[in-house]
1. Identify the single condition in (1) in contact with a helix residue (DSSP H, G or I) (Cβ under 9 Å, 6 or more places away or on another chain); (2) among the hydroxyl-bearing types (Ser, Thr, Tyr); (3) at pLDDT 85 or above that residue 339 does not satisfy, given that it satisfies every other one.
2. Can you tell which of 256, 241 is under 22 Å from residue 207 (Cβ atoms) and touching a His at 6+ places or on another chain (Cβ under 9 Å)?
3. Scan region 233-249 for residues that are part of a loop (DSSP other than H, G, I, E, B), at pLDDT 95 or above and farther than 25 Å from residue 175 by Cβ and report the count.
4. With the structure loaded, tell me whether residue 38 is buried (at least 17 other Cβ atoms within 10 Å of the Cβ) and either modelled with pLDDT under 85 or basic (Lys, Arg) (or both) or whether it fails that test.
5. Go through 110, 70 for me and flag whichever is under 59 Å from the mean Cα position of the chain (by Cα), at pLDDT 55 or above and surrounded by 14 or more Cβ atoms within 10 Å (Cβ to Cβ).
6. What is the residue count in region 204-222 for residues that are in contact with a strand residue (DSSP E or B) (Cβ under 6 Å, 6 or more places away or on another chain), surrounded by fewer than 17 Cβ atoms within 10 Å (Cβ to Cβ) and touching a residue at least 40 places away in the same chain (Cβ under 8 Å)?
7. Given region 261-334, what strands (runs of 3 or more DSSP E) lie entirely inside it while holding 3 or more residues that are in contact with a His (Cβ under 9 Å, 6 or more places away or on another chain) and at pLDDT 75 or above?
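The values are calculated or read from the model by the stated rules, or taken from the named source; none is laboratory data. All values derive from a computational prediction rather than experimental measurement. For neighbour counting, all protein chains shown are included, and Cβ atoms are generated from backbone atoms with ideal geometry for every residue, glycine included.
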Amino acid sequence: MSKFPEHKKIKSVPKASNFGDLLKEAIREAGFKDDTEAAKVARSLDRRILFNRGNMESWLKNKGGARGVHRNGLLLFLEYICHPDVYPVWVDAFEKFETDLKRRKKSALHSYDKCEVTNSIDQVDQVDKFKNKKTIFLLLFTALFLLLTSIVFFYKEKNDSHPSKTINKEEPEKTYSPGLKASLYRIDEKYKIPPSSPSGFNVLNFTHFGGADFYYFPNTIEDRLLHSVLDQNTGFHYSGYILLEEAGEYVFESNYKTIQHISNQFGLKECRHKLDINKKEIFNIILDVGKPKFETSLKEIYFEKGRFSFELWFSCEDLTNLERVFPWMRKIEYDIHVYQNTYLKVYYKTPSGVNFKAIPKSILTH
């Protein structure tokens, strides 16, 4: 047998309370680095014993002991690492655990047999009791399901019956840029009044940074482009998002203003402005263009806190050609002047606010 001079013989008595702890204590007191090293030493004691790290680990985890050749191998291992003075004490501890184990197994077997007899006597009663409990459980489950269904139905009916409350879905998180996306459309002549949604040919795209002010012909658009669309109806489409920072009832106000155009004193030409927030219609109003007036509209509606879609469609009819009546008047410049002084301004009052204020640029994004 090989020696291991770096390890000392165990001179202390065991303190373990089961087989696994007994072997751990022996390995620790003998000074082995780990259970692998201990397994190699144990294997070298008797080649007939199939001893390896797996056996060692099973003993370390086993609180019930080992049997057969593994038992003999463990006793040889203890004899090798223990000082002769304490070896008998370690063997006594080993055998005590064996005796306790046999006693526990015998007691467990006796209890099992007794339990089998009792179970056979009471089997019918237990089956009946189980059936009764199952029936009660099914009744309780059915009652609970009906109660929950009624509560959900009542809550849904209550929300649907609210006249101004809408279900608002916040847009998913993403990066937003200042201003609204804007597009200019040249509309087909088939429309007798301005359409209620974008139509026709898209001739220009730009970004609107004007906040609540929506001039019909913004000064930023080139005159050359305006001249090319004045012979037909036109429309501006603004889209993006509005940030509402509190939940509650909001009141929106639209102020529409236009100046005089000599040919439209009888209100033959009209403009439409339609505002939707979170797919809900706030305004959809048709008013005269080129006939001096100032019109105000109000709408109250409930919103949750969050960022919601914002869409404005502002469309006007083509103004009448004045060249036959006033040959000296340049029709195009006059029409542009009227359009540039036709505008819409949108105000709002927040749930906690007292006064109306123009929708700020900071909450309009795209």
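1. Result: residue 339 fails condition (3) only.
2. None of the other options fit; the residue is 241.
3. 0
4. Yes, satisfied.
5. Result of the check over 110, 70: 70.
6. 1
7. 280-288, 306-316
Every residue, every condition in (1) of a type in the set (Asp, Glu); (2) surrounded by fewer than 17 Cβ atoms within 10 Å (Cβ to Cβ), yes or no:
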| residue | (1), (2) |
| --- | --- |
| 202 | no, yes |
| 235 | no, no |
| 246 | yes, yes |
| 257 | no, yes |
